[in-house]
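Here the structure is laid out as structure tokens; the discussion comes afterwards.
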Amino acid sequence: MIFTPVLAEASSVAHDLLLISAVVLAGIGLGHVAIAGTRLGIAGVLFAGLLAAHLGWVPQVEVAHFLKDFGLVLFVFALGMQMGPGFFASLRNDGLRLNLYAAALVIGGAVVAFSGGWLMKMPSAAIAGLFAGATTNTPALGAAQQALQSAGAEAATTTLPALAYAATYPLAVVGIILALVLMRVFFKVSVTDEAEVFRQKQSAGVEPLERMNLRVENPNLDGVVLVSVPGIHETGVIVSRIRHAGESEVQAATPSTVLHVGDVLLVVGTHAHLEQFRLVIGSVTEENLMKAPGNVGYRRVVLTNRAILGKTVGELGLDHLHNVIVTRVSRGDQIFSALPNVRLQFGDMLQLVGDEDALKSATAVLGNAVQQLQETKFAAIFAGILIGVVVGMQPMQFSWLPAPVRLGLAGGPLIVAILMSHLGRLGPLVMHMPMNANRALRELGMILFLANVGLLSGEKFASTVFTTQGLQWVALGLAVTLIPLLAVGFVARRWHGMNYMTLCGLLSGGMTDPPALAFATAQARSDSPAVAYASVYPLTMLLRIIVAQVLVLL
């Protein structure tokens, strides 16, 4: 082979770059190979690293350790940035129940792993790695290895988690999908019907915004300023345009606009709130102020001005200072009325109504620098990583453990990223990462981590796994995968009648397993399982990171 002499002649840095690049390339190719309809995906990089190390192709140990830990930090931080904005909302309502089920999955897997490991007299390091592999959770593997290093374990011991992880991971990917199939067969689920029921339930609680043209007929409103109209604050509707009685042209409606009988208003809100407001104002008219003449237009503007981030719509005072009305705010997939107490974030899209000059001045204040939405704020990212590493280093001592537990490089950056992306900023630093950049950073981090885990562990992989002991690991790993999944799935479906789409998302997210989510969405031919998956993923990830350390130290 040409590759071996090239490695031998290369400098140390070039040697490591050549080796790691070759391992990653081979691993990505391996991950695309389908076996019984299932692919390893990015985990193929781990097995390529194991093979390379088994053949004696290894980088400098210090370099491999650095790239492994740095890749882990990149992955969990980018993951936290993605999950943060919806994390706290997911804990409300049904999200709380879903996260309790997910916690039961984590604890159940830990109990099975610990009990089986104790019966088989497995080292605690191997139990932790088996727990991580059987639940397809790579950050838990990183946390277990860091806990061993912090406890001063020998080098041979610190490689055990990775060996157990590699032994149990492949069947875990298949086992999670198998559990979803078994649940579907046992409960005789019609995936099409369940997907339709899920869609109807999701849309039932979401009221889209509508427009309504109302004629002022209530004599008690004659001479009343708009902001003082009864019900305008309670219903949360927005009055954007007005045509005064006897006039032909439309004007922008502001809080100080005076109403008279015969005026026509254009009002924005949900259907129920518009109907409530109509009872106060008068009646619906066929006249459409959107098409009426007048120097009034509307514009969608993106908020990118850092100076006003975190302010509410009311605090901006656009109606008083620039004579424009904010009718609605779009944030991601959400669209809601621009109530005065809505706090604005970077990238929010505001719909403004006013004359052309007023719209121009308001646009200048808001920023509307659309190109900034494609920029990655690296200063904020590395500030978050810095704080996350510091948080992860803080020890948490429990009397029943011989050594302190730390959030580590897997947990600290994850928590900080969730908090910072939820808040939207850290002082002058704006927390924003385009979706494509986030995905790229996550994949790069995971590739670096898995490749170097394989390279650091591959020397002893074959001699450890392909033995009687290794086969015991594989069998116990399958039990750790299936028993909690089937138990939680049965209870959730039988006792709470959980929709199969939600159940698939819960089980996939509770095992932090993207291939299972992909299988579930393919079954449903929609993204409906992703709702529950996103609700439980962050908390599950954090719990698995902590539990893996506890298993190491028990």
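The values are calculated or read from the model by the stated rules, or taken from the named source; none is laboratory data. For clarity, every value in this text was computed on a predicted model and none was experimentally measured. Cβ: placed from backbone, ideal geometry, glycine included. Neighbour counts: every protein chain shown. For accessibility, only protein heavy atoms count, side chains too; no ligands or nucleic acids. Shrake-Rupley method; radii C 1.70, N 1.55, O 1.52, S 1.80 Å.
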Please tell me if residue 335 is under 25 Å from residue 375 (Cα atoms), among the β-branched types (Val, Ile, Thr) and open to solvent by 50 Å² or more (accessible area, probe 1.4 Å). yes
With the condition kept exactly as written, say whether any residue in region 507-524 is farther than 22 Å from residue 31 by Cβ and at pLDDT 90 or above. yes
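For every residue, the table says whether it meets (1) open to solvent by less than 60 Å² (accessible area, probe 1.4 Å); (2) assigned to a loop (DSSP other than H, G, I, E, B).
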| position | (1), (2) |
| --- | --- |
| 247 | no, yes |
| 256 | no, yes |
| 279 | no, no |
| 287 | yes, yes |
| 295 | no, yes |
| 301 | yes, no |
| 320 | no, no |
Can you find even one residue in region 257-272 that is among the hydroxyl-bearing types (Ser, Thr, Tyr), within 39 Å of the chain's Cα centre (by Cα) and farther than 26 Å from residue 321 by Cα? yes
Conditions: (1) modelled with pLDDT of 80 or more; (2) closer than 27 Å to residue 21 by Cβ; (3) of a type outside the set (S, T, N, Q); (4) crowded, with 17+ Cβ neighbours inside 10 Å. Residue 380 meets all but one. Number of the miss? (2)
Please find, within region 303-318, the residue that is farthest from residue 340 (Cα to Cα) out of those that are assigned to a loop (DSSP other than H, G, I, E, B) and open to solvent by 40 Å² or more (accessible area, probe 1.4 Å). 305
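Determine whether residue 143 is within 20 Å of residue 481 (Cβ to Cβ), touching a strand residue (DSSP E or B) at 6+ places or on another chain (Cβ under 9 Å) and either open to solvent by less than 40 Å² (accessible area, probe 1.4 Å) or in contact (Cβ under 8 Å) with a residue 24 or more places away in the chain (or both).
Numbers: within 20 Å of residue 481 (Cβ to Cβ): yes; touching a strand residue (DSSP E or B) at 6+ places or on another chain (Cβ under 9 Å): yes; either open to solvent by less than 40 Å² (accessible area, probe 1.4 Å) or in contact (Cβ under 8 Å) with a residue 24 or more places away in the chain (or both): yes.
Yes: the conditions hold for residue 143.
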Out of region 429-469, which residues are surrounded by fewer than 18 Cβ atoms within 10 Å (Cβ to Cβ) and among the small types (Gly, Ala, Ser)? 440, 462, 463
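Assess whether residue 486 counts as being modelled with pLDDT of 90 or more, assigned to a helix (DSSP H, G or I) and open to solvent by 10 Å² or more (accessible area, probe 1.4 Å).
On the way: modelled with pLDDT of 90 or more: yes; assigned to a helix (DSSP H, G or I): yes; open to solvent by 10 Å² or more (accessible area, probe 1.4 Å): yes.
For residue 486, the condition - modelled with pLDDT of 90 or more, assigned to a helix (DSSP H, G or I) and open to solvent by 10 Å² or more (accessible area, probe 1.4 Å) - is met.
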Given (1) modelled with pLDDT of 90 or more; (2) within 41 Å of the chain's Cα centre (by Cα), index of the condition residue 333 fails: (1)
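Just to check your reading of the model, which residue among 156, 110, 125 is open to solvent by 10 Å² or more (accessible area, probe 1.4 Å), of a type outside the set (Val, Ile, Thr) and either closer than 22 Å to residue 482 by Cα or outside any helix (DSSP H, G or I) (or both)?
Values: 156 fails: either closer than 22 Å to residue 482 by Cα or outside any helix (DSSP H, G or I) (or both); 125 fails: open to solvent by 10 Å² or more (accessible area, probe 1.4 Å).
Residue meeting the stated conditions: 110.
Are any residues in region 453-483 in a loop (DSSP other than H, G, I, E, B) and not aromatic (Phe, Trp, Tyr), and if so, which ones?
Within region 453-483, just 467 meets the criteria.
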I'd like to check something: does region 161-181 contain any residue that is of a type in the set (S, T, N, Q), surrounded by fewer than 21 Cβ atoms within 10 Å (Cβ to Cβ) and not in a strand (DSSP E or B)? no
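When the residues of region 343-368 are filtered to those that are outside any helix (DSSP H, G or I) and open to solvent by less than 20 Å² (accessible area, probe 1.4 Å), which remaining residue is farthest from residue 295 (Cα to Cα)?
Among those residues, the one meeting the criterion is 344.
Which residue is farthest from residue 291 (Cα to Cα), if the candidates are limited to region 212-245 and must be part of a loop (DSSP other than H, G, I, E, B) and open to solvent by 80 Å² or more (accessible area, probe 1.4 Å)? Quick ask: steps written out before the conclusion?
Here is the first cut: in region 212-245, the residues part of a loop (DSSP other than H, G, I, E, B) are 217-218, 222-224, 229-231, 236-237, 244-245.
This time we only want the ones that are open to solvent by 80 Å² or more (accessible area, probe 1.4 Å), so: 217, 222.
Details: 217: 22, 222: 25 Å.
Among those that are part of a loop (DSSP other than H, G, I, E, B) and open to solvent by 80 Å² or more (accessible area, probe 1.4 Å), it is 222.
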Mind telling me which of the residues 381, 335 ends up being over 26 Å from residue 249 (Cα atoms), part of a strand (DSSP E or B), among the aliphatic types (A, V, I, L, M) and in contact (Cβ under 8 Å) with a residue 60 or more places away in the chain? 335
Of everything in region 392-413, what is open to solvent by less than 20 Å² (accessible area, probe 1.4 Å) and at pLDDT 80 or above? Give them in sequence order. 392, 412, 413
Take residue 252 and decide whether it is among the hydrophobic types (A, V, I, L, M, F, W, C) and surrounded by fewer than 19 Cβ atoms within 10 Å (Cβ to Cβ). no
